[in-house]
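The values are calculated or read from the model by the stated rules, or taken from the named source; none is laboratory data. Small disclaimer: the values here were computed from a predicted structure and weren't measured. Here the Cβ positions follow ideal geometry from the backbone for every residue, glycine too, while neighbour counts run over all protein chains shown. Calculation scope for accessible area: heavy atoms of the full protein, side chains included, ligands and nucleic acids excluded. Shrake-Rupley method; radii C 1.70, N 1.55, O 1.52, S 1.80 Å.
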Amino acid sequence: MEPAERAQAARDRVPRLDPYGFERPEDFDYAAYEEFFSTYLVILTRRAIKWSKLLKGSSRVQTSMTVKRYIRKGVPLEHRARVWMGVSGAQAQMDRNPGYYHRLLQGERNDSLEEAIRTDYYSPAMLGLKTDQEVLGELVRTKLPAVAALMDGHGVLWTLVVSRWFICLFVDILPVETVLRIWDCLFNEGSKIIFRVALTLIKQHQAFILEATSFADVCEKFKEITRGRFVTECHTFMQTHHCSTAVHMSDLREVLMRTSGTSWGINTGVSRRSSVQG
């Protein structure tokens, strides 16, 4: 069968909507996805059996090295809600404070709490977002200096190429299966996962990025590295992410102090999200 015919056949077999209800993009590679998913389904089945045994007879998910290892290998869809609530600490908070959220909605507004939320990435100034982008820039300068030099040489600001990565936590950037695998780890290990994923994308495609010869070319290459087989094959992607790009909270603390001059925990996206099992 010719490539075009194979691609059309895969498009006819694979639903336009993914299993989570999202419409696949126009440039979605149906043939590559079908090939990947035929092997990934075996992995999903094996992981589901292991997770069912792990969670059997347990009312809640407790963080441990075993749970961390299982999460890094993927949480089955049927267990995600329970696992995310458990490892993030949300379930424990709800159990300790029943009805607390609804009481807050009915109470008086607290301006100090509102200000703390607004310095959550989503204020007009987006201070948390800017800080995280500066931190990524410094991590690249340390771990991938040739890419940093290219960015500087063409005057490309990190906000132009990675802001959506941080704002959306890779939703609508990477394939949904890959995004969910990232979130599995994010809820358990904290914001260092976002930096690891960003560095993995850049490191894996470093040679390709370094081919850029202009400002526009750099920006286009950063769009292209979020597509293709490497990011579609989420299991391999996450294994690469865990093995090749070590980013620890100590790295982030050190870089944060250099970039912002503020003490740890003051108005930064890094410190907020890393409070989840940092």
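Screening GLU108, GLU138, GLU114 for residues that are free of Cβ contacts under 8 Å to residues at least 24 places away in the same chain, charged (D, E, K, R) and open to solvent by less than 90 Å² (accessible area, probe 1.4 Å) leaves exactly one candidate, GLU114. Being under 23 Å from PHE230 (Cβ atoms) and open to solvent by 80 Å² or more (accessible area, probe 1.4 Å): is that true of LYS130 here? When the stated conditions are applied, LYS130 does not pass them. Filtering the stretch 55-101 to residues that are under 19 Å from the mean Cα position of the chain (by Cα) and among the hydroxyl-bearing types (Ser, Thr, Tyr) leaves TYR70, SER88.
Can you name every one of the helices (runs of 4 or more DSSP H) wholly within the stretch 167-256 that holds 1 or more residues which are at pLDDT below 90 and open to solvent by 50 Å² or more (accessible area, probe 1.4 Å)?
The qualifying helices (runs of 4 or more DSSP H) are 229-232, 234-244.
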